[in-house]
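Taking it in order: structure first as structure tokens, then the write-up.
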Amino acid sequence: MTSLLILNGPNLNLLGTREPEIYGADTLADVEANCRAHATAKGVDIACVQSNHEGALVDAIQAAKGTHDGIILNAGAYTHTSIALHDAIAGTQVPTIELHLSNVHAREEFRHHSYIARVAVGVICGFGAAGYILAMDAMIGHLETRR
Ligand code: DQA
């Protein structure tokens with residue numbers, strides 16, 4: 001069975017209370033519950049991991065190789081700073097979709113650059129919590145066309 005890793009980075013544990021006008025009212029537990037329900041409907045397995053620590057995110061990407069078929073990654077602010085996350089994705093070659101709740105391109109200049117995008121299958125941003133579902137469907141479709 002196809003298995004996806006839903007990987008969330010720093011401050012995404014604060015969803016629901018963190019700048020809800022930007023990130024919405026859903027908590028991370030709500031988002032993950034929606035992902036689990038969607039996974040059941042689609043017949044795929046998922047695991048959900050969140051960490052505020054860059055190295056733990058690198059570890060999770062490395063551990064995904066051979067365990068998960070694809071990664072949905074909201075790397076939070078590390079998107080804009082982390083060569084280590086770029087290298088983990090490039091080094092493991094696990095297909096990865098970069099995801100953001102907010103439209104990072106309509107926000108501050110420092111959010112316009114991503115170290116993840118050039119090693120990602122694609123990027124989804126600006127659709128709030130629905131983006132996780134869009135990303136799951138996009139990854140399932142991507143993996144099907146690769147088979
Ligand atoms: C975010 C956008 C990032 O710029 C920010 O640092 C986050 C959340 C998003 O989901 O919109 O932490 O990844």
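Roughly what % of DSSP beta bridges within the stretch 3-146 run antiparallel, to the nearest 5?
On the way: 0 of 18 bridges.
The antiparallel proportion sits near 0 percent.
Of T27, T79, how do they rank once you tally other Cβ atoms within 10 Å and put the fewest first? It would help to have the intermediate numbers written out before the result.
On the way: T27 16, T79 25.
Lowest count first: T27, T79.
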Label zone at A25 (point 7 Å along Cα-to-Cβ), backbone N below 14 Å, the stretch 110-141: 129
In order through the stretch 33-38: 3J(HN,Hα) via Karplus (6.51 cos²θ - 1.76 cosθ + 1.60), integer Hz, x for Gly, Pro: 5, 4, 4, 5, 5, 5
Cα-based shape type of the stretch 59-147, given that a ≥ b ≥ c are square roots of the gyration tensor eigenvalues and the cut on a/c is 1.5: oblate
Burial ordering of Y132, Y115, fewest other beta-carbon atoms within 10 Å first: Y115, Y132
Amide H partners (placed H, <5 Å) of G122, local residues excluded: E98
The stretch 3-146: relative contact order in percent, alpha carbon pairs under 8 Å with at least 6 residues between: 26
Note, ³J(HN,Hα) from phi for the stretch 13-27, Karplus 6.51, -1.76, 1.60, rounded to Hz, x at Gly and Pro: 5, 8, 3, x, 10, 7, 5, x, 5, 9, 9, x, 9, 5, 7
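Full-extension gain between K65 and N52, please, as 0.36 nm times their residue separation minus the C-alpha to C-alpha distance. Could the numbers behind the result be given before it?
On the way: separation 13, 0.36 × 13 = 4.68 nm, distance 2.10 nm.
That pair, K65 and N52, stretches by 2.6 nm at full extension.
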The stretch 96-102 - phi-based ³J(HN,Hα) in whole Hz, Karplus 6.51/-1.76/1.60, Gly and Pro as x: 10, 9, 7, 10, 9, 5, 8
Cut-off under 5 Å, modelled amide H: who pairs with T2 long-range: D45
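Any read-out appearing in this document is the output of simple, stated calculations on the displayed coordinates, not a laboratory observation. The structure displayed is predicted, hence computed values, not measured ones. Every residue, glycine as well, gets a Cβ built from its backbone with ideal geometry; the counts of neighbours run over all protein chains shown.
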